[in-house]
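Participant: Here it is, the structure, as structure tokens.
Just so you know, all these numbers are worked out from the coordinates, no wet-lab data involved. Please read these numbers as outputs of a predicted model, since none were measured by experiment. As a convention, Cβ positions derive from the backbone with ideal geometry for all residues, glycine included, and neighbour counts pool all protein chains shown.
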Ligand code: NAD
């Protein structure tokens, strides 16, 4: 693998206008040693002290917002989503700084009785010294920090390796972080080799990315014997029941499938609609899809940004071409357009799809909405569950009660009722990744922080220790 500077493509122009400087394994190990040396003082600040520094990080990022936004806009080719991404990160930092002291206090036990007479116990928490984070390209800033912030709040040092596809935001983010005294956080540049070296250098690994790479990281974590939180891909289904309003359901589907050009793990990628409302739903969805504009030629001119990663556009095109060859019909969109060197796709509505098609089985990561009719609820549930993935799902019905009765039958870690893709906006609710969509403790809810704590039980004998005779035949 090449370690020299590597060209980085601009998603709006297609030009290689930036250089990536991958950190080699020795460099990763040195960075890990540097962070480990900072961590004891960071942990010693205590929960409140660290919360103050995290508030300082939030303020520093806000001060550096302009260069950070400019870099992220170039990395991803999108302005409105970048603004939301930065706001979301500022919110995450504020929330963890506020919640961490209470969660950390609750995780400790001062003194409690046990079932054994005379023996009492306490629990002290001990953060993993160094947490590693490996992040994908679809939300570069958010996914670099969404695990890092609770780990810092817990008292860990954090080493992050963002995607090699979107590295421009690293320098302005590090400039903001360097203004916070003693913050044991570093972001390093690199691709697979740097990521693999990172797994070997840390005590806990958080990975967000594809199932394929997730499997490699899981094996490497097992070899290194460190815990891993894996947040992987999805093929999220949406079920539209007969009682639903097809117009409102089409609004939900369009938004959840096409925001960020469908480049989100919790995008709706399969839509199952009750036969009775299939035709009006498809008609409403096509009408809405055709009203969406591309964010071109200037950022801010329209709705959908370009594909961030060139290979992804080709993957989406291949899935669509195969589906059409097998009898699917594209009602609108479906073409990868080259504009100014960038690769774009308009919202795409497809019918005539079957589960044998890659379009219905593989992750698509584009603004594509395959729609399939179902006869009854058992068939809808069976279709939704017929997937290797189990990230999240959605059910739309006339009432929340009706939607919930279906939602509890779905093999997915989070189900939005009468909405879709809410997991992108709500982080309070703990959830599990089902099937190939992930492994390990949830990044959502309190576990987002408590997973970074080891517990040391202190077992206190207040009476007399049991003699050997208590464990031998003589005492019986
Ligand atoms: P990817 O798996 O190709 O890469 C992810 C990261 O892993 C990158 O930083 C890459 O450099 C690194 N990497 C590659 N090989 C490695 C190795 N052998 N060891 C260690 N690190 C290695 O994923 P991507 O294409 O960047 O991102 C898109 C994927 O991410 C999609 O599948 C999407 O669903 C998933 N995703 C999941 C969530 C979630 O929360 N579940 C969120 C966003 C994205």
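Participant: To the nearest 10 degrees, how steeply does helix 211-224 sit against the main Cα axis of the chain, on a 0 to 90 scale?
Facilitator: 10 degrees
Participant: At 222 nm, what helix-only mean residue ellipticity would the chain give, in deg cm²/dmol to the nearest 500, using -39500 (n - 2.57) for each DSSP H run of four or more? Display every interim value, and only then the final one.
Facilitator: Working: 16 runs with 194 residues, N = 476.
Calculated at 222 nm, the ellipticity per residue is -12500 deg cm²/dmol.
Participant: Quick check on packing: order 305-318, 106-119, 30-43, 356-369 by the mean number of other C-beta atoms within 10 Å, highest mean leading.
Facilitator: 356-369, 305-318, 30-43, 106-119
Participant: List the residues of the range 375-406 whose backbone N lies under 18 Å from a point placed 7 Å from the Cα of residue 242 along the Cα-to-Cβ direction.
Facilitator: 375-383, 396-406
Participant: Express the Stokes-Einstein translational diffusion coefficient of the range 263-313 in µm² s⁻¹, to the nearest whole number, given a Kirkwood radius over alpha-carbon pairs, 20 °C and a viscosity of 1.002 mPa s. Intermediate values should be presented prior to the final figure.
Facilitator: Values: Rh = 13.5 Å.
Rounded, D is 159 µm²/s.
Participant: Provide the packing ranking of 177-184, 54-61, i.e. peptides ordered by the mean count of other C-beta atoms within 10 Å per residue, highest first.
Facilitator: Working: 177-184: 16.5, 54-61: 19.1.
Highest-to-lowest ranking by the protection proxy: 54-61, 177-184.
Participant: If you wrap a convex hull around the Cα atoms of the range 120-203, how much volume per residue is inside, in Å³?
Facilitator: 99 Å³
Participant: Report the semi-axes of the equivalent ellipsoid for the range 236-424 in whole Å, largest first, where each axis is √(5λ) for an eigenvalue λ of the Cα gyration tensor.
Facilitator: Values for the range 236-424, descending: 26, 17, 15 Å.
Participant: Classify the range 225-318 from the C-alpha gyration tensor, please: rounded if a/c falls under 1.5, else prolate or oblate depending on whether a/b exceeds b/c.
Facilitator: On the way: a/c = 2.38, a/b = 1.22, b/c = 1.95.
Judged from the Cα gyration tensor, the range 225-318 comes out oblate (a/c at least 1.5, b/c at or above a/b).
Participant: When you take every Cα atom in the range 413-468, what is the radius of gyration, and what is Dmax, the widest Cα pair distance, in Å?
Facilitator: 19.7, 64
Participant: Continuing with the same structure: Suppose we look only past 22 Å in the calculated P(r) of the range 371-476. What percent of the Cα-Cα pairs does that tail hold?
Facilitator: 52 percent
Participant: I need the Debye-formula profile for the range 174-239: one equal scatterer per C-alpha, no solvent, reported as log10 I(q)/I(0) at q = 0.14, 0.18, 0.22 1/Å, two decimals.
Facilitator: Log-scaled intensity ratios, in q order: -0.54, -0.76, -0.94.
Participant: Can you give me the pair-distance distribution of the chain, C-alpha pairs, 20 Å bins, whole percents?
Facilitator: 23, 51, 22, 4, 0
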